[in-house]
Amino acid sequence: MENETVGKVTLAPGVLTTIVTLTANADEGVARLCKDWRSDVSRFLGVGGVDDGVRVDVEGNSVAVDVHLVAKANVNLLALGRRLQAAIARAISETVGLVVREVNIFIEDVELPDAEEQV
C-alpha cells in the first residue's frame, strides 16, 4: 500500500526558495541574502530571475540552486561557501527528496562592522 500512487504531489514554486533562504540565513556567517543585478534585468524583461538572492532551477527530479549573499566580516569565506553548499543540499534532499545537481554560492560583498561594534 505504501508504494501505491493515489495522486500527485506538487510543490509551489516558492517552497524550494523558502527552504534555501531559511537554511542560508541560519548560518552565522551570512549577513543577508542579496539580489544580483541580473534579477532586475530579468524582472524588467519579464523572465524568471533571482528572487531575493535565491534562484532555483528544477529539471525533472533534480534541482540546481544559486545563492547570492553578503557575508559578515571576519568570516572564512571559503568555509562559509562550502558549509552553505552542504547545508542547502542536505535541506533540499531531506525535506523534498529531490536530487541536488549543484549549489552555487555567490558572495557579493562583506558587511563591515559598525563603528560602534569596533570599539
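The values are calculated or read from the model by the stated rules, or taken from the named source; none is laboratory data. None of the values given here were measured: they were computed from a predicted structure. Virtual Cβ from ideal backbone geometry, glycine too; neighbours counted across all protein chains shown.
Among the residues making up region 79-119, those that are hydrophobic (A, V, I, L, M, F, W, C) and more than 19 Å from Val54 (Cα to Cα) are Ala79, Leu112, Ala115, Val119. Scanning region 17-41 for residues that are at pLDDT below 95 and of a type in the set (Lys, Arg) gives Lys35, Arg38.
Consider region 96-106. How many of its residues are assigned to a strand (DSSP E or B) and touching a residue at least 60 places away in the same chain (Cβ under 8 Å)?
Counting residues in region 96-106 that are assigned to a strand (DSSP E or B) and touching a residue at least 60 places away in the same chain (Cβ under 8 Å) gives 1.
Scanning region 62-95 for residues that are within 20 Å of Leu11 (Cα to Cα) and in a helix (DSSP H, G or I) turns up Ile88, Ala89, Arg90, Ala91, Ile92, Ser93, Glu94, Thr95.
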